[in-house]
1. Taking region 1-50 as the region of interest, how many residues are modelled with pLDDT of 95 or more and over 19 Å from Val84 (Cα atoms)?
2. Could you give me the residue pairs with C-beta distances under 6 Å whose first residue belongs to region 107-123 and is on the phi < 0 side of the Ramachandran plot, whose second residue is crowded, with 21+ Cβ neighbours inside 10 Å and hydroxyl-bearing (Ser, Thr, Tyr) wherever it lies, and which are 6+ apart or on separate chains?
3. Would you confirm, using the coordinates I've provided, whether Leu87 is closer than 23 Å to Ser26 by Cβ, among the hydrophobic types (A, V, I, L, M, F, W, C), modelled with pLDDT of 95 or more and surrounded by 18 or more Cβ atoms within 10 Å (Cβ to Cβ)?
4. Those residues that are surrounded by fewer than 20 Cβ atoms within 10 Å (Cβ to Cβ), touching a residue at least 24 places away in the same chain (Cβ under 8 Å) and among the acidic types (Asp, Glu), I need them from region 38-84; list them, please.
5. Can you find a residue that is surrounded by 14 or more Cβ atoms within 10 Å (Cβ to Cβ), of a type outside the set (Val, Ile, Thr) and assigned to a helix (DSSP H, G or I) anywhere in region 145-153?
6. Within region 29-85, count every residue that is of a type outside the set (S, T, N, Q) and assigned to a strand (DSSP E or B).
7. Give region 90-122 a look and list any residue that's part of a loop (DSSP other than H, G, I, E, B), surrounded by fewer than 20 Cβ atoms within 10 Å (Cβ to Cβ) and within 11 Å of the chain's Cα centre (by Cα), or say none.
Amino acid sequence: MRTSSRVILALAWLAVSAPAFAQQDSPAPPFSVRDLEGRTVRLQDLRGRPVVIEFWATWCAPCRVSMPELDALQERYADQGLVVLGLSLDEDGSAPVKRFVDKLGVKFRIALANEKLLAQYGPIRSAPTTLFINRKGILVRRVVGYVDRETVETFIRELL
């Protein structure tokens, strides 16, 4: 078998065997999680509003910088419908996450990412990973790693 045929077969196998996950410019998969206050957050309930989802963790140094920035942007654009949702990748339960969030003074909604959600939106291999979903429920941008506040604000304005 020629090398080019092997490459084509390998790519075809990867396409068939790769897990399904949210792709940019496609509808964001529906999910339901409980925030740290015990309230249910459903993506379908946020339809018609621009949504920024950040996958983060308490052990993530860049997340410590981005979370207050996202909080300020949530406050700035709340009257235009913006929803910021933080989904923690921590595995030690909600108590340490809540302590961390309280210490930072973050006020946007925080929930723990569950396995189903991670399968739908993954692979999430780095924290932070930030998703931008437009008012129609389309995932328009996926950013892996820290992005400065000005750039994130530009992405948010695109959603508005």
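The values are calculated or read from the model by the stated rules, or taken from the named source; none is laboratory data. Here the structure is a predicted model, which means the values were calculated and not measured. Every residue, glycine as well, gets a Cβ built from its backbone with ideal geometry; the counts of neighbours run over all protein chains shown.
1. Here the count works out to 0.
2. Leu112/Ser88
3. So Leu87 fits the description; yes.
4. Correct list: Glu69, Asp71, Glu75.
5. yes
6. 14
7. Gly122
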